[in-house]
Each structure stands twice: as C-alpha cells, then as structure tokens.
2 protein chains.
Amino acid sequence: MSRPLDAPTERRARRRLTEARSAIEPVLRSAVGSLADPLDTMAGYHFGWCDPDGVEIAGVQGKALRPALTFAAATACGGDVTTAVYAAAAVELLHNFSLVHDDVMDTDPFRHGRPTVWRVWGETNATLLGDALQALALGVLCDGAPESVASEAVIRLSRATVTLCRGQYEDCAFETRPTVTVDEYLTMASGKTGALLGCACALGALCAGADHRVVSAMHTFGTELGLVFQLVDDFIDIWGDPEITGKPAHSDLIHRKQSFPVVCALESETAAGRDLARLYQSRHPMTAARAARAADMIEQAGGRQCTLHRASTALDAAFEALPDEGVATDLAALAQLVAHRDH
Amino acid sequence: MSRPLDAPTERRARRRLTEARSAIEPVLRSAVGSLADPLDTMAGYHFGWCDPDGVEIAGVQGKALRPALTFAAATACGGDVTTAVYAAAAVELLHNFSLVHDDVMDTDPFRHGRPTVWRVWGETNATLLGDALQALALGVLCDGAPESVASEAVIRLSRATVTLCRGQYEDCAFETRPTVTVDEYLTMASGKTGALLGCACALGALCAGADHRVVSAMHTFGTELGLVFQLVDDFIDIWGDPEITGKPAHSDLIHRKQSFPVVCALESETAAGRDLARLYQSRHPMTAARAARAADMIEQAGGRQCTLHRASTALDAAFEALPDEGVATDLAALAQLVAHRDH
C-alpha cells in the first residue's frame, strides 16, 4: 500500500477518532432521548451505552470514523468543531440506521461482541429503530447545521442515503449471482460505503463555509476513501488475524460472498481462479478447511495483489482530491489509518 | 357521527383527492426516477404505475388523502397548489415508506389487490425500498418547499416520522398483550396515523406562509382527523361491507387485534365483554364464525357505540381547531369524507 502509516500519524488519527466520539455524544444522546420508550433504550443499547434494560454500561462503541472525517474536513476548510458537530452526529446516526437494518437483512447475530438489536427486540422493532434513526439523522442535521447551508446539507445526506440503499441492494443481489464483474463490485462499494463517507467529508466542508469546488473535492476524497475502506474490509476478512479482527476467520468465504479478492480471482483466467469457481459453485458445505483452501486459491489467482493494488489506487485518488494536503493533515492521517487498519 | 356527508360535500372532497393525485404525480415520478434500477421499478410497482417488469399499467393507486390535506391546508391559508406541491409529494412518499415497511412487518400479502412489494422482491429489498422512500421524502421536501420554511418543514416531517415509528411499535406490541387501555390505544393511533396527517396539514399551512399559531392549529386539525381515520378503519373492519371495503370480513378480529371497538368492549365490564375476553384468550383458532360471534359481543358490550362516539368527538375537535371554517371548505369536506368513508 502506498503511504505507510508511521506512529505519529497513527496517534494523530486515533486521537481524532476519540475526540469525535466525545464531541458528538451529547448530540447523539439528546437525539436518542427524544425517542419514546423503548426505542430510546434500543438505540442506547445499539450505541453501547446501556444493557437491554437501559442500565448504563461502559460498552464497546463504534469507531466514529464518519464524524471524525466530518470534523477533519471542517478543520481543513477553516471551520471548527462547534459548527460541524450536528453534521458529524447526523452522519453517525445515519450510519447506525444502516447498521441496524443491515444486521436484520444479513441476520448478523453479533455486533461489537453483543447480540444485535434484532436478536434482542425482534426484526420488526429493529426495522422501526432503524427507520427512526434515519429520521433523527436528517432532523438533527437540518436543526443544527449552520442555517445558510442546512438545506444543501439535508439534500446531500438524503441523496447519500438513497445511494447507500442502492449499494446495499446490489451487495445483497450479488449473493445469488454466480459472477460479479470488477466494475459491478466497484459501483456497489462506492454506493454502500463511499456515499456516506463522501457525504461526511462534504458536510464538514459545507458547515465550514467552503465553496462549491472544495465541497465537491471533499466529497470525492471521502468516496474514494470509502472504496479503500471496503477493499481493506474484504482483505482482512481473508488475510487478517482473527485474534485482532475479533471476527471469525474467512467469514466472507464461508458465506461464499463475492468480495473483491474473490471477484478478481474469478476474473483472473488462471487455474487457481477456475479451482475457486468450482469450489464456490459446489454444493458441499463451505467448511473452515475449504474456506482456507479458497483463501490460498484467491492468493494464487492474484486476488490478494489485485486488492492491495486497487486499494492503493483509490487511496492515491483520495489524496489527489484533497484541496491542499498541508492543511488537511487530519484527513490524511485518518485516510492512512483506514488504509492500514488491521481490524 | 356528527356532521353528515351530503352529496355536494362528498363530490368536492373526491375532486380534491383526484386533483391532489394528479398534481403530485410528476414530482413523485421524478423522485422515483432518481432511484437506480430496480428500486425505481419496485417503487413504480408499489405506486400502481407498472407491473413487476416495469411495464406501465393503469393500476389502482392510493387515495392521496395526505397530499389532498396539504393542498387544502395551503389553500385555506391563502396559498396555492404550486407552493405546496413538494410538501404534498413528500408526505405521500413518507406515507408510502411506512406502508412498504408495514407490509413487511405485518406480512400482509396484498395491497390494492396486488401482491405486496416484499412478496415480489423479498423482505430485504422491500425494507431497502422503504428506506430509500423515506430519504426521498425528506430530500424532496427540503429541495422543493419555499426556502424560508424548508428547514422547519424538514424538522416537522422528521419528527412526524419518529412519532409514526413509535406508534407502529406500540401497535405491534399490543398484539402480544392481553389488554390495552383506551388511553394506550389513543396514544398509539395518534402516533401511527395522527402524526403524519397532522404534519401534512401543518406543512400546507407552512408553505402558504401562515403564522405559527395557524400552522399549529392545522397540525391539531390533522392529528384529530388521524384519530378519526384510525377509528373508522377499526369500525369498518367489523361492521363494514366486505363487498365495499375489498378486504376480508373481520380481519382484525381474526388476528385478535386490539382494535378500538375491542378495547372498549374488553374495558366495558359487561357480560358480553367478558365473553369476548374469553374468546380472545382461548387457544381455539379464530374461525370466521367465531369472529362473527366476537363482532356481536363487541356490539353488545357497547364497543360499536363507543367507537362512533369517540370518532365523533375527534371530528368535533378537528373542526374546532380550524382557524376559520369559512375559508377551510376543502379541509372540512375531506374531514367529513374520512369520517363517513365505507372503505
């Protein structure tokens, strides 16, 4: 991967994530508090603030990457945390609407090591919580963004949401298709992950009063970074250390997902790629041993190298979009952390 | 029911519904057209414009009550159709987001005599379509409402959505509870149905430039009318003519729903009320014959009269909220149609 992650850069990025989490928490808590019981408890549980009975705990919380990007984009454009805090909270609310719904759709049993909302309260209530979080996101943004840009901000977040839904649709549709092209994968990922990261950066710039050209450049930066994020996600599912990721090894492969390394391997026209195709199409259960063999085939077919290369290209494209790298140190640090994360 | 529906009033109300449907259709089609394939086809199918393959048909469409209320409220406040058309389209989009999700949650197989979206495209895709429709609703409103009121309009629609989710949560929760109080029912109905009807009226007034007091009065009018709507819905499930409603007779009773007549009967402390409690709690399947007996018990326990009375009170409260009935002829006509509808 281009642009290595040195220790000071990593420290800077991690500090920005921690600060972002603290900065938005009061806005998130106030928004969640406006939900009537028990939607407020469900949301608090999902955010890691309480147990299913509403008793406060010190749970594992999300990384807050999106709000950190909003703040970093605002700072890069001469703005401050105060003007961007509602936008940052809004993107986090919107991200969590999509997580709650995705967990229902994918029947994911755990998030941050705890049963997902749908497993505690059922699918219907989880769907309703997601619906409410989406509405809160747009409400918080409209209510709290600087008045002169509130409308544009809402329209951008609304569009990002629609794009995100399309990306999630495609991701689900891929599961029942024998093959997916690299281009189809990239469109899916730029919808599913790129749209909201792009919006997070654009909103930060917008709240800081940046002009149209800069807002648009920030959007491009975030969208490309979203692609990096998704590619790294796919990469560490296969080659990450389960001890570090906290997720079962080869989860994507076991579910026969068309992740990017798989797509590349299947398109490679190599012997290993054809072996992988046979393994993916076979009716045998995908055991851990078979998934480990699939991982080897993907590597032999060039899928590992291809994924690293594509992530590197996207990272370069993100950096090229930065208006002035000198004032965008935080954005750069966060981007490098995303590219080099191991979990 | 107070305020009978004479023929000219009914004609006026029906004309307003037809006009509202035509007025918002271009905005709806443009919004739906911004969805990528196949979400656009799914939406078009749901709106009755096309078959599942996207081929245009002249299908049965929704009544367009909410947009008609938005236009009527705007007119009553001196506004016109043009200023309110995006708000009217937004409430219709939001209503349809909730219908698509409700159909998934309630596993309803049909809507307007056609298979529901989740039955054609699956639950995941129906959930995604609903998510996208919610985002479109807020986007269309923000983009199209008069600039000076766009922010307040978005905040109002966002709040109405959250309240609607809570009402839907309560409605689902009632299904697993042995009893529901009249007050609990009324809170549920004012969330599930009142919030969006209230918002539809408030947005019409807002777009027409009405002052705060009037916007708030319009909101009250719509919320009370929402209660009328829900009570009449419950009433015609039991005492409506299936030939006219187009729905199977006693559907609520067969599903042992705690509809308002049932809640009143169970709270009545009459012999018939106790018989109904036994029937609702029994483990025997609720056959059509048992449901018909339940309907008789509800009537004997006063549930029919109680429902008519409560609907009449809500209708009066709606009319009392009207700033000046003289200029609100369309709102009055629509309210009377809602109160006297038989399907």
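The values are calculated or read from the model by the stated rules, or taken from the named source; none is laboratory data. For clarity, every value in this text was computed on a predicted model and none was experimentally measured. In this analysis, Cβ positions are derived from the backbone assuming ideal geometry, glycine residues included, and neighbour counts consider all displayed protein chains.
When A:ALA277 is tested against (1) at pLDDT 95 or above; (2) under 30 Å from A:ALA72 (Cα atoms); (3) out of contact with any Cys (no Cβ under 9 Å at 6 or more places or on another chain), just one condition goes unmet, and that condition is (2).
Among the conditions (1) over 24 Å from the mean Cα position of the chain (by Cα); (2) more than 30 Å from A:THR70 (Cα to Cα); (3) surrounded by fewer than 23 Cβ atoms within 10 Å (Cβ to Cβ); (4) free of Cβ contacts under 8 Å to residues at least 60 places away in the same chain, A:GLU267 misses just one, which is (4). Being surrounded by 23 or more Cβ atoms within 10 Å (Cβ to Cβ) and of a type in the set (D, E, K, R) is true of B:GLU224.
Only one of the listed residues (B:ALA202, B:ALA249) is more than 14 Å from every other protein chain (Cβ to nearest Cβ), buried (at least 18 other Cβ atoms within 10 Å of the Cβ) and in a loop (DSSP other than H, G, I, E, B). That residue is B:ALA249.
The helices (runs of 4 or more DSSP H) located wholly in the range B:259-324 that include 3 or more residues which are closer than 21 Å to B:ASP183 by Cβ and among the small types (Gly, Ala, Ser) occupy B:303-321. Pairs meeting the criteria (first residue in the range A:173-189 and closer than 21 Å to A:GLY302 by Cβ, second residue of a type in the set (Lys, Arg) and modelled with pLDDT under 95, beta carbons under 8 Å, at least 6 apart or on different chains) are A:PHE174/A:LYS257.
Across the range B:173-193, the number of residues qualifying as within 14 Å of chain A (Cβ to nearest Cβ) and either touching an Asp or Glu at 6+ places or on another chain (Cβ under 8 Å) or of a type outside the set (A, V, I, L, M, F, W, C) (or both) comes to 10. Checked against the criterion of being in contact with a Ser or Thr (Cβ under 9 Å, 6 or more places away or on another chain), on the phi < 0 side of the Ramachandran plot and within 14 Å of chain A (Cβ to nearest Cβ), the candidates B:ALA84, B:ALA76, B:ALA90 yield just one match: B:ALA90.
Condition check: under 18 Å from the mean Cα position of the chain (by Cα), closer than 30 Å to B:LEU266 by Cα, surrounded by 18 or more Cβ atoms within 10 Å (Cβ to Cβ) and charged (D, E, K, R). Does B:ASP102 satisfy that? Judged against the criteria, B:ASP102 is a match. Entry remark, the range B:328-343: residues being among the β-branched types (Val, Ile, Thr) and within 16 Å of B:ASP233 (Cα to Cα) number 1 in total. Residues that are within 8 Å of chain B (Cβ to nearest Cβ) and β-branched (Val, Ile, Thr) within the range A:141-162 comprise A:VAL154, A:ILE155, A:THR161, A:VAL162, listed in sequence order. Taking the range B:58-86 as the range and being within 27 Å of B:TRP118 (Cα to Cα), over 13 Å from the mean Cα position of the chain (by Cα) and not β-branched (Val, Ile, Thr) as the test, the residues that pass are B:ALA58, B:GLY59, B:GLN61. Cβ-Cβ distances below 7 Å connect the following pairs, each with a first residue in the range A:104-124 that is more than 9 Å from every other protein chain (Cβ to nearest Cβ), a second residue that is of a type in the set (D, E, K, R), and a separation of six or more residues or different chains: A:PRO109/A:ARG119; A:ARG111/A:ASP103; A:THR116/A:ASP103; A:THR116/A:ASP108; A:VAL117/A:ASP103; A:TRP118/A:ASP103. Take the range B:205-239 and flag every residue that is among the charged types (D, E, K, R) and outside any helix (DSSP H, G or I). Once the filter is applied, which keeps residues that are among the charged types (D, E, K, R) and outside any helix (DSSP H, G or I), the range B:205-239 yields only B:ASP211.
Only one entry in A:VAL232, A:VAL228, A:VAL262 is in contact (Cβ under 8 Å) with a residue 12 or more places away in the chain and under 30 Å from A:VAL149 (Cα atoms), namely A:VAL228.
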